[in-house]
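Trainee: Structure incoming, see below.
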């Protein structure tokens, strides 16, 4: 698989089609809602929640008013068809409004997911690497995220340098510090 990132070419294996990464724009909000639903980890033995879960204020805050100051993200698409495959984005929180992965007001929180047929092919790694570069360039001290302790993506986050800050029975708060 060939991944093109705004004119840069990266090689990854496992996919028949070439993939491009492009910045997420306000007009991508519809697709980002689909990705937000995919980001809700459901173990294979459990039934997924209804799509109406996206209207829950604790979930909806991840995308409400997408495109506000400090929002940044990337969309992965097939080059030939333009079919969207996944997305990742960062959003800052304040002391009054926080996501599940809130760590500090200066650390944007990561949301990432791929459509089921696009997982396990390296696309998520490329999306995250691009966001990490963007966050560093913007001067953020790091990135935070929340993930289900049963989600296999925990290994990806650890491989990229995220460390566990807090863990409970069902979720893990992880942080990637840039200064270290």
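The values are calculated or read from the model by the stated rules, or taken from the named source; none is laboratory data. It should be emphasised that the depicted structure is a prediction, and the values quoted were computed from it without experimental measurement. When we count neighbours, we look across all protein chains shown, and the Cβ atoms used for this are built from the backbone with ideal geometry, even at glycine.
Trainee: When the range 7-32 is examined, which residues are found to be in contact with a helix residue (DSSP H, G or I) (Cβ under 7 Å, 6 or more places away or on another chain) and either within 15 Å of residue 90 (Cα to Cα) or modelled with pLDDT of 50 or more (or both)?
Mentor: 19, 21, 24
Trainee: Considering each of 86, 122 in turn, give the residue that is within 23 Å of residue 174 (Cβ to Cβ) and touching a strand residue (DSSP E or B) at 6+ places or on another chain (Cβ under 7 Å).
Mentor: Details: 122 fails: touching a strand residue (DSSP E or B) at 6+ places or on another chain (Cβ under 7 Å).
Answer to the selection: 86.
Trainee: Only one of these is in contact with a strand residue (DSSP E or B) (Cβ under 8 Å, 6 or more places away or on another chain) and either modelled with pLDDT of 95 or more or surrounded by fewer than 20 Cβ atoms within 10 Å (Cβ to Cβ) (or both): 137, 150, 163. Name it.
Mentor: 163
Trainee: Those residues that are farther than 15 Å from residue 116 by Cβ and modelled with pLDDT under 90, I need them from the range 33-45; list them, please.
Mentor: 45
Trainee: Looking at the range 124-167, which of the residues that are without any contact (Cβ under 8 Å) to a residue 12 or more places away in the chain and in a loop (DSSP other than H, G, I, E, B) is farthest from residue 43 (Cα to Cα)?
Mentor: Residue satisfying both the conditions and the ranking: 139.
Trainee: Restricting to the range 71-83, name every residue that is over 15 Å from residue 122 (Cα atoms) and either in a strand (DSSP E or B) or out of contact with any strand residue (DSSP E or B) (no Cβ under 7 Å at 6 or more places or on another chain) (or both).
Mentor: Restricting attention to the range 71-83, the residues satisfying the condition of being over 15 Å from residue 122 (Cα atoms) are 71-73, 79-83.
Across the range 71-83, the qualifying residues are 72, 73, 80, 81, 82.
Trainee: For the range 93-116, how many residues meet the condition of being free of Cβ contacts under 8 Å to residues at least 24 places away in the same chain and either crowded, with 22+ Cβ neighbours inside 10 Å or in contact with a strand residue (DSSP E or B) (Cβ under 8 Å, 6 or more places away or on another chain) (or both)? If you could, list the steps in order and put the result at the bottom.
Mentor: First, the residues of the range 93-116 that are free of Cβ contacts under 8 Å to residues at least 24 places away in the same chain: 93-96, 98, 105.
Subset that is either crowded, with 22+ Cβ neighbours inside 10 Å or in contact with a strand residue (DSSP E or B) (Cβ under 8 Å, 6 or more places away or on another chain) (or both): 93.
Counting residues in the range 93-116 that are free of Cβ contacts under 8 Å to residues at least 24 places away in the same chain and either crowded, with 22+ Cβ neighbours inside 10 Å or in contact with a strand residue (DSSP E or B) (Cβ under 8 Å, 6 or more places away or on another chain) (or both) gives 1.
Trainee: Residue 40 - would you say it is buried (at least 18 other Cβ atoms within 10 Å of the Cβ) and out of contact with any strand residue (DSSP E or B) (no Cβ under 6 Å at 6 or more places or on another chain)?
Mentor: When the stated conditions are applied, residue 40 does not pass them.
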